[in-house]
Amino acid sequence: MKKQSLWLIVGVMLIAFIGLLYMQVGYIRVVYQSRDAQFDAAVREALIGVNNDLERDEIARVVNKELGVPAPMVQDLLNTDQKKKEFDTAPKLRVPAPSSPFEHKGTVREEDRIAEMSKMLQDRINDRYQNIRQAMLELAMDLAREGNSIPIYERITTDQLETSLASRLSNVGIAIPYIYNVNDSRGNTYFSSGEIPSGDDEYGVYQMPIFRNDSPSRQNYLRLYFPGKRSYLTGSIDFLIPSVIFTILLFITFTYAIYTLFRQKKLEEMRKDFINNMTHELKTPVSSIKLGTEMLSDADTITNETLRTRTISNISAAAERLSKLIEKVLQMSFFDDENNRPSLNFKPIDLEEIIIEVTSHYSMDVENAGGTLNVELDASDTEILGDEMHLSNIIYNLLENAMKYRRPDVLPEITVSLSNEKEWLVVDIKDNGRGIKKEYLGKIFDRFFRVPTGNRHNTKGFGLGLAYVARMVRSHNGTITADSKVGAGTVFEIKLPLLKNK
């Protein structure tokens, strides 16, 4: 995939995700604002009801004090709308009334005359009741207005205020905790259930005058604050939590998709580099073999024992190099599908014998470079369950890396040690080579990764050796770690489970 196409896909995905997120946030904001407006309207309705309750109680108190009318009777008279509603909806007897209760045409039954007289009396009593009631209301209001000079704490009580608040808020469906204050126009507080934060005056605080007929200079205000309003409104949006969860899942999927695209792009580039390097590397031994065979077919080479021996040696070295390159290609096949475990031939193996065999063969290469290869076998239990060929390749790859990345001005010194640690068999391979920077230690087991060396490419390789080693160790249910210091060398530690623990 071209880089332009990759970035185009990423851009489209990013725009789509941002657009979806914007629409979702906008919809949630609209729903939240709607719930907020409904909550505000309900609180204001409750406050109006509280004010009406306090005014009725105030009028009943004044009328009872000044006129001696029992408070329940005054409360009943003050309930104007309810009484009117009951009166209007009450069933009424509809009988055509004669011009006089004692004058009627024809014959009228005695029962009809009684009903007509009863209705007339009922209408007159109701008119008288309404007149008295209206006069009582006007008198009560005048007395209440004259009494607004009384301090607020003598006009209402805490129980009265709290009972009315609880009842009215419950009627409008609000059942969350609240704090109330009653203040005058100068800011003095007379009733309070707690402190209302000053920073929240513009959000969550509601205010309404008490006794609206009082003069402005003596006006008192009921302030109501809901500490949990934000949480209440957020919790009332049923789809908010699922929406957040799905958005997070979508973001994770989107991020993983982008990561996968770039990773595949990087692996594709690495694979191309590998093929190019491998093609270049294969040409050299093939050319050497081809040249050697041509020389062996020459009569002069056949008769010249020294030249023939040198040519055969060159062909053998080229074949050995070609064999190693083919082995690298085979190693790469293990990484074609990282989810499939390689097919290994597990059997009980003495790892000590494998280490002795591999080091004995490789010691000649170390000695030819003027170095030393030390073997320290301190393990008492050396049997594991593993694949002999791949275990040999693990040791060989690590020894080859130690030689490949040695310091040119220092003779190589490699130590291979074997020891026991509880249920593990531990293999340590230590060298005195160049070392690896700590920032690269976490990447050296990634396939195709090679420690950057600037513009120098003196060391041949494809970045597969340590990746192969790490995967084979994991396939044997083991672990591998590396510790290194630049200019001092590297130590690879492999832990494999002992056979007795299988």
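Worth pointing out:
- Subset of the range 411-430 that is free of Cβ contacts under 8 Å to residues at least 60 places away in the same chain and in a loop (DSSP other than H, G, I, E, B) - its residue that is nearest to Glu383 (Cα to Cα): Lys422
- Residue list for the range 21-44, filter: surrounded by 11 or more Cβ atoms within 10 Å (Cβ to Cβ) and among the hydroxyl-bearing types (Ser, Thr, Tyr): Tyr27, Tyr32, Ser34
- Within the range 168-201, the set of residues being in a strand (DSSP E or B), modelled with pLDDT under 90 and not aromatic (Phe, Trp, Tyr) comprises Asn183, Asp184, Thr189, Ser192.
- The range 14-30 residues that are assigned to a helix (DSSP H, G or I), paired with ones that are among the hydrophobic types (A, V, I, L, M, F, W, C) (beta carbon under 7 Å, 6 or more apart): Phe17/Leu250; Phe17/Phe254; Ile28/Ile237; Ile28/Leu240
- Residues that are surrounded by 16 or more Cβ atoms within 10 Å (Cβ to Cβ) and either free of Cβ contacts under 8 Å to residues at least 24 places away in the same chain or over 29 Å from Pro177 (Cα atoms) (or both) within the range 206-229 comprise just one, Asp214.
- Pairs where the first residue, in the range 31-50, is closer than 16 Å to Arg230 by Cα and the second is open to solvent by 60 Å² or more (accessible area, probe 1.4 Å) and part of a helix (DSSP H, G or I), C-beta under 8 Å, 6+ apart: Phe39/Tyr232
- Scanning the range 179-192 for residues that are open to solvent by 60 Å² or more (accessible area, probe 1.4 Å) and in contact with a strand residue (DSSP E or B) (Cβ under 6 Å, 6 or more places away or on another chain) returns Thr189, Tyr190, Ser192.
- Qualifying residue in the range 374-385 (condition: surrounded by 15 or more Cβ atoms within 10 Å (Cβ to Cβ), within 16 Å of Lys430 (Cα to Cα) and over 46 Å from the mean Cα position of the chain (by Cα)): yes
- Any hit, the range 437-460, residues being open to solvent by 20 Å² or more (accessible area, probe 1.4 Å) and at pLDDT 90 or above: no
- Selection from the range 230-264 of residues that are within 26 Å of Val30 (Cα to Cα), of a type in the set (Ser, Thr, Tyr), open to solvent by less than 70 Å² (accessible area, probe 1.4 Å) and assigned to a helix (DSSP H, G or I): Thr234, Ser243, Thr247
- The conditions of being in contact with a Gly (Cβ under 9 Å, 6 or more places away or on another chain) and closer than 13 Å to Phe492 by Cβ are met by Asn401.
- Hits in the range 341-362 (condition: open to solvent by less than 90 Å² (accessible area, probe 1.4 Å) and modelled with pLDDT under 85): Pro342, Leu344, Tyr362
The values are calculated or read from the model by the stated rules, or taken from the named source; none is laboratory data. Every value quoted in this text rests on a predicted model; they were computed, and no experiment measured them. Positions of Cβ are generated from backbone atoms using ideal geometry, with glycine treated the same way; all protein chains shown enter the neighbour counts. To get the accessible areas, we keep the full protein, side chains included, count just its heavy atoms, and leave off ligands, DNA and RNA. Shrake-Rupley method; radii C 1.70, N 1.55, O 1.52, S 1.80 Å.
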